[in-house]
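What follows is a set of notes on a single structure, which appears directly below.
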Amino acid sequence: MTNKKEIKNICCIGAGYVGGPTMAVIADKCPHIQIDVVDLNNERISSWNNDDLNLLPIYEPGLAEIVGRCRGKNLHFSNLIEEKIGTADMVFISVNTPTKKKGIGAGKASDLKWVESCARQVAKFSKGYTIVVEKSTLPVRTAETIMSILYGSMSDKIHKNQTASFEVLSNPEFLAEGTAIKDLENPDRVLIGGANNDAMELLSEIYRNWVPKEKILKTNIWSSELAKLTANAFLAQRISSINSISALCEATGADIREVSRAIGSDTRIGSKFLDSGPGFGGSCFKKDILNLVYLAEYFGLPEVANFWEEVVNINHWHQHRISKLIVKKLLGTVVGKKICILGFAFKANTNDTRESSSITICKDLIDEGAILFIHDPQVSSAQIYSALEKKENYQIKEIKEQNDFLKYEGQWCFEENIYNCSEGADAIVVLTEWEEYSLIDWKDISKRMRKPSWVFDSRSIISQQEVIKANLNFWRIGDGTNI
Ligand code: UDX
Ligand code: UDX
């Protein structure tokens, strides 16, 4: 039974790409609610508390302003996990749920150890009636696990003369990185899944501070969990579909931009998510689809599993397709050739590189023996180093001092300046759609590159005319018009 009339204190476990921005917006819209975001990672918490708002751990347009307004008032970041669970009326679980690397379901199923450990912490430290909200994307029926841990602990608490009761809700987040604040402030819908109307109403009341009532959808808990996985699978499926057609465009003389416009004008299809690119990246799409595949297999539905797995398979194929065609255009070999990579983040306006297509394409080119100079306006050299795993980051100075590039075959370095980056380069490859790449002075770049020089535009953001006028060879995704 619900014994609360309103939510005054929220605790969010997980100060990541989802937890941080989501709680910042709730704090901004609900000054009457105290919000504590807690995380095991002390370094991350220190960054959230950095006086310099440019040094928050996450780059998201609009986020720094909100944190500046609310932090220290009703938005707090700390590692006081036990204490803040203890004072919370509502606990959001927003921890990572990576794909399992070993054991049952390895490579597909989500690893729920963090979610389970959060549930155990809530079970242990909560006081009174607590609503637990699943924010992380989870396999359908995860709430059952959380409930069994929470309800199991109740008898223990009664035994110790402590009162505790719980309700579990599912409230998946649909924000996309780069537009997280906009998406949170003006969501298409807010989804709340649960079995207890009073608890659902308390969560709904929070959102009603800024979201119109008709946009708040209430469903049963399993529908909510499955809807989140399905939404990501459908979005990713659209990208794999358009990318597969881009290859056909290149072979037939069609142009993917024209095909996208033509099909997107059909209101039944709609125009969004039809931009062909280097393949989808990000922390969610691949993980969530593989999770869906695992669930379908688990429930004895191999045809359903195979259908969705192809969305991921095509994405891999498409990423490697781009690496291969770069090598082919560069006269069949990139050994010792300098290639500038513009963009390492998985999309523009974020510093997130998780599952970025740049990782796959850079690794392919490194394996082929190219020397990569990598530029990204928001991603640090250290991040690239860790994403490329054992591929060593050579100092630019060291490479520049050598005229003999061959010595550095299969190496990479970080470069902050696009124009310096192009000095002596054989090719420039645009992999992330950062606006500054669409403003490049190609005449200037052309003077610096080694001939024959190529520009590869996997995001359709470069002016074909400008590049060709600058006497550079040009390839762009899904463009078969020059065959
Ligand atoms: C995560 C999930 O990956 C995604 O499926 C879900 O939809 C939302 O949460 P994200 O916020 O991008 O997405 O993850 P991440 O940036 O890795 O942040 C998770 C944070 O949780 C990390 O800072 C980690 O230190 C923290 N954490 C993890 C805890 O505080 N406690 C734990 O027990 C486990
Ligand atoms: C996605 C979902 O959009 C969001 O609702 C969910 O909560 C988390 O996963 P995100 O991964 O942050 O969000 O970004 P999104 O904009 O969906 O882009 C994912 C990938 O698809 C990026 O690599 C992007 O470049 C690519 N993409 C997107 C395309 O290649 N073409 C498009 O038309 C759209």
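The values are calculated or read from the model by the stated rules, or taken from the named source; none is laboratory data. In this text, all values refer to a predicted model and were calculated from it rather than measured experimentally. Every residue, glycine as well, gets a Cβ built from its backbone with ideal geometry; the counts of neighbours run over all protein chains shown. Heads up: the accessible areas ignore ligands, DNA and RNA and are worked out on the full protein's heavy atoms, side chains in. Shrake-Rupley method; radii C 1.70, N 1.55, O 1.52, S 1.80 Å.
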query = Once a ≥ b ≥ c are taken as the square roots of the eigenvalues of the Cα gyration tensor of the stretch 213-327, is the result rounded (a/c under 1.5), prolate (a/b larger than b/c) or oblate (a/b not larger than b/c)?
reply = oblate
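Quick check: from the Cα gyration tensor, does the stretch 170-245 come out rounded (a/c under 1.5), prolate or oblate?
Working: a/c = 3.27, a/b = 1.62, b/c = 2.02.
Verdict is oblate for the stretch 170-245.
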query = Separation between the ASN482 and LYS324 pseudo-spin-labels, each 7 Å from Cα along Cα→Cβ, expressed in nm?
reply = 2.1 nm
remark   = With a Förster distance of 25 angstrom and the Cβ-Cβ distance between PHE234 and ARG208, calculated FRET efficiency to the nearest 0.05 equals 0.35
query = What number, rounded to the nearest 500 deg cm²/dmol, is the helix-based mean residue ellipticity at 222 nm of the chain, given -39500 (n - 2.57) per DSSP H run of at least four residues and division by all its residues?
reply = -13000 deg cm²/dmol
message = Please list, by residue number, everything in the stretch 104-139 whose backbone N is under 17 Å from a paramagnetic label point 7 Å out along Cα→Cβ of ASN9.
response = 121-133
query = How large is ³J(HN,Hα) for each residue in the stretch 42-48, as worked out from phi by the Karplus curve 6.51 cos²θ - 1.76 cosθ + 1.60 (θ = phi - 60°), to whole Hz, x for Gly and Pro?
reply = 5, 5, 5, 5, 4, 5, 4
note = For the stretch 5-61, the convex hull over Cα atoms projects on average to an area in nm² of 4.3 nm²
ask   = So, with a 1.4 angstrom probe, what is the percent of accessible area on the stretch 1-88 that is carbon and sulfur?
value = 47 percent
task = Mind listing the long-range amide H neighbours of PHE373? Cut-off is under 5 Å, sequence gap 5 or more, other chains count too, H placed in the peptide plane at 1.01 Å from N.
result = ILE339, CYS340, ILE341, CYS413
ask   = Which of rounded, prolate, oblate describes the stretch 22-169, given a ≥ b ≥ c as roots of the alpha-carbon gyration tensor eigenvalues and a/c under 1.5 marking rounded, otherwise prolate only if a/b is larger than b/c?
value = oblate
ask   = Mind checking the log10 I(q)/I(0) for the stretch 286-374 at q = 0.11 Å⁻¹? Debye, one equal scatterer per Cα, no solvent, two decimals.
value = -0.43
Percent of beta bridges antiparallel (DSSP, the chain, rounded to nearest 5) = 5 percent
ask   = Quick one: ranking TYR385, TYR17, TYR419, TYR437 by accessible area, 1.4 Å probe, largest first, what do you get?
value = TYR385, TYR419, TYR17, TYR437
ask   = Remind me, relative contact order of the stretch 165-210 in percent, using alpha carbon pairs under 8 angstrom and six or more residues apart?
value = 40 percent
ask   = Between the helical axis of 285-298 and the dominant principal axis of the chain, each derived from Cα atoms, what acute angle in degrees is found, rounded to the nearest 10?
value = 60 degrees
ask   = Based on the alpha carbon coordinates of the chain, what radius of gyration and maximum Cα-Cα distance (Dmax) apply, in Å?
value = 24.5, 80
query = Debye sum, Cα scatterers, the stretch 1-108, no solvent: what log₁₀ I/I(0) at q = 0.09, 0.11 1/Å?
reply = -0.26, -0.38
inquiry  = I need the per residue convex hull volume for the stretch 134-290, using only the alpha carbons, in cubic angstrom as a whole number.
reply    = 138 Å³
note = Taking alpha-carbon centroids only, the stretch 244-261 lies from the stretch 224-243 a number of Å equal to 22 Å
